[in-house]
Amino acid sequence: MPQQIIPNLYRIPVPLPGNPLKELNAYLIRGKDRCLLVDTGFRQDPCRQALFSQLKELGLAPGDVDVLLTHLHSDHAGLAPEAAGEKGTIFVSAIDRPALDCYKEQRAAQWDAWLLRFGQEGFPAELLKDMEHTNPAWSMAPPEGGHYESLVDGQVLEAGGFRLRALLMPGHTPGQMCFWVEGEGLLLLGDHVLFDITPNITAWPDMPDALGSYLESLDAIRNYVPKCALPGHRESGNLVQRVDQLKEHHRQRLEEAFQAVKNHPGAGAYELAGYMTWKIRARNWAEFPVAQKWFAVGECMSHLDHLMTQGRITCKAEDGLNRYQAV
């Protein structure tokens, strides 16, 4: 059921079955001419039914809204073309847009770049070959089509009497954006800051130090003091306190990754991730679900990349595999 936050602004919970995130927080801004839907859910029937049934409760049907995406991930963008319909516009950062607004061949090329890096880190080939079907980043992403428009840092959108200022906060994705609702003191966070789970920070082919970018973005968002912070998943909380907690979390994770490299010289990220701690229901690394191994290895890679920028570890390619050493 939609939850009114303030007049003309609603939270729409969208369940994510079988996903550790459990639920997406979509938000609906009601306008006189057009309404603006912030994020959508996976391209799968449970998300589709939950989203569109709640829009119906608000007197809206697919095609009655424009869509504003905080970032490219499929749990946020999967239903964007369906929700916007033929007349609606899908707004997304100029940086994340190419991953969504491109032909299947281009998406395949981007995916191949991911598979190459993961293979170089020792991710087993027999597991990678099924990733297209088991990883929601591919299988539940939006289809081709949709009218996209790019947003840049500082750009202002107007909807429902609100002014939403786009804040580029790279890290979780290269083009992750938050939106400051000027005059209301509300901050739409996407997945930049989550309050009871930690956003996944993975390595990106076009970001040499994703974790470093994320930590800088945390410092930037800490300057805002919202009356209410609106995250992409689960509950809200104190923004400044949570930013400090996230920075401390990654400081500890960097030390854990460094110790893994120090104790296992010559290992790649796939092996090293198995020596790090993860909050997941599995007895050991071998029993991790394949999709969760992908996210864990990606996060391990981002911490290794940051350790390299700090000069604490080195990486040498041997026989097509990356091998890390502590300095």
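The values are calculated or read from the model by the stated rules, or taken from the named source; none is laboratory data. Computed from a prediction, not measured in an experiment: that's the story for all the values here. Methodologically, a virtual Cβ is constructed for each residue, glycine included, from the backbone with ideal geometry; neighbour enumeration extends over all protein chains shown. Just the protein is used for accessible areas: all its heavy atoms, side chains included, with ligands, DNA and RNA removed. Shrake-Rupley method; radii C 1.70, N 1.55, O 1.52, S 1.80 Å.
Of all residue pairs spaced 6 or more apart or on separate chains, those with beta-carbon atoms under 6 Å, a first member in region 178-189 that is among the β-branched types (Val, Ile, Thr) and a second member that is part of a strand (DSSP E or B) are Val181/Phe162; Val181/Leu164.
Keeping to region 1-27, report how many residues are part of a loop (DSSP other than H, G, I, E, B) and in contact (Cβ under 8 Å) with a residue 24 or more places away in the chain. Here the count works out to 9. Only residues that are charged (D, E, K, R) and open to solvent by 10 Å² or more (accessible area, probe 1.4 Å) were counted across region 186-207, and they come to 2.
For region 118-144, name all the residues that are surrounded by 12 or more Cβ atoms within 10 Å (Cβ to Cβ) and under 17 Å from Ala269 (Cβ atoms). Hits for region 118-144 are Phe118, Gly119, Gln120, Glu121, Gly122, Phe123, Pro124, Leu127, Leu128, Met131, Asn135.
Checking each residue in region 121-167 for being polar (S, T, N, Q), out of contact with any Lys or Arg (no Cβ under 8 Å at 6 or more places or on another chain) and within 30 Å of Ile221 (Cβ to Cβ) picks out only Asn135. Do we have Arg242 as among the basic types (Lys, Arg), within 19 Å of Trp180 (Cα to Cα) and either open to solvent by less than 20 Å² (accessible area, probe 1.4 Å) or in a helix (DSSP H, G or I) (or both) here? So Arg242 fits the description; yes. Name every residue in region 194-223 that is in a loop (DSSP other than H, G, I, E, B) and free of Cβ contacts under 8 Å to residues at least 60 places away in the same chain, in order of residue number. Leu194, Phe195, Asp196, Thr198, Pro199, Asp206, Arg222, Asn223 - these are the residues of region 194-223 that are in a loop (DSSP other than H, G, I, E, B) and free of Cβ contacts under 8 Å to residues at least 60 places away in the same chain.
Scanning region 289-327 for residues that are assigned to a strand (DSSP E or B) and either under 25 Å from Glu126 (Cα atoms) or modelled with pLDDT under 95 (or both) gives Cys315, Lys316, Ala317, Glu318, Leu321, Asn322, Arg323, Tyr324.
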